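Input: a single structure, listed below in structure tokens.
The values are calculated or read from the model by the stated rules, or taken from the named source; none is laboratory data. These figures come from a predicted structure and were not determined experimentally. So basically every Cβ, Gly included, is an ideal-geometry build from the backbone, and we count neighbours across all protein chains shown.
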């Protein structure tokens, strides 16, 4: 009975040490900034007569190649919509190794009249 009484009194007296919170805010800020700046997309660059190129770069390795192409084509369609047209993919080329080096996707497109 004495051991049980001692154990219960020890549990009642136990107060956990507060965990240090210093630095957690900075860790979250770094993580959020990496996720937000993990990808970048260039403005369309004219590379020929009615031919444009958009470069997308993924720095974190969290983006797929298809996702990068889709993001570039969304921007391409926004660009072509200013003149009442839609973007048509001409070619794409990828460089880099996911999770090892930044992955860059070069997308070349033209602006064409939308089919009715």
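Some observations on this one:
- Among the criteria (1) exposed (fewer than 10 other Cβ atoms within 10 Å of the Cβ); (2) at pLDDT 90 or above, the one residue 2 does not fulfil is (2).
- Taken over region 53-85, the criterion of being out of contact with any strand residue (DSSP E or B) (no Cβ under 6 Å at 6 or more places or on another chain) and either touching a residue at least 40 places away in the same chain (Cβ under 8 Å) or within 24 Å of residue 100 (Cβ to Cβ) (or both) is satisfied by 59, 60, 61, 62, 64, 66, 67, 70.
- Members of region 64-99 found to be loosely packed, with under 13 Cβ neighbours inside 10 Å and closer than 16 Å to residue 112 by Cβ, listed by number: 78, 82, 83, 84, 91
- Scanning region 40-52 for residues that are surrounded by 12 or more Cβ atoms within 10 Å (Cβ to Cβ), without any contact (Cβ under 8 Å) to a residue 12 or more places away in the chain and more than 20 Å from residue 103 (Cβ to Cβ) yields a count of 0.
- The residue that is nearest to residue 94 (Cα to Cα), among those in region 60-82 that are in a helix (DSSP H, G or I) and within 10 Å of the chain's Cα centre (by Cα), is 68.
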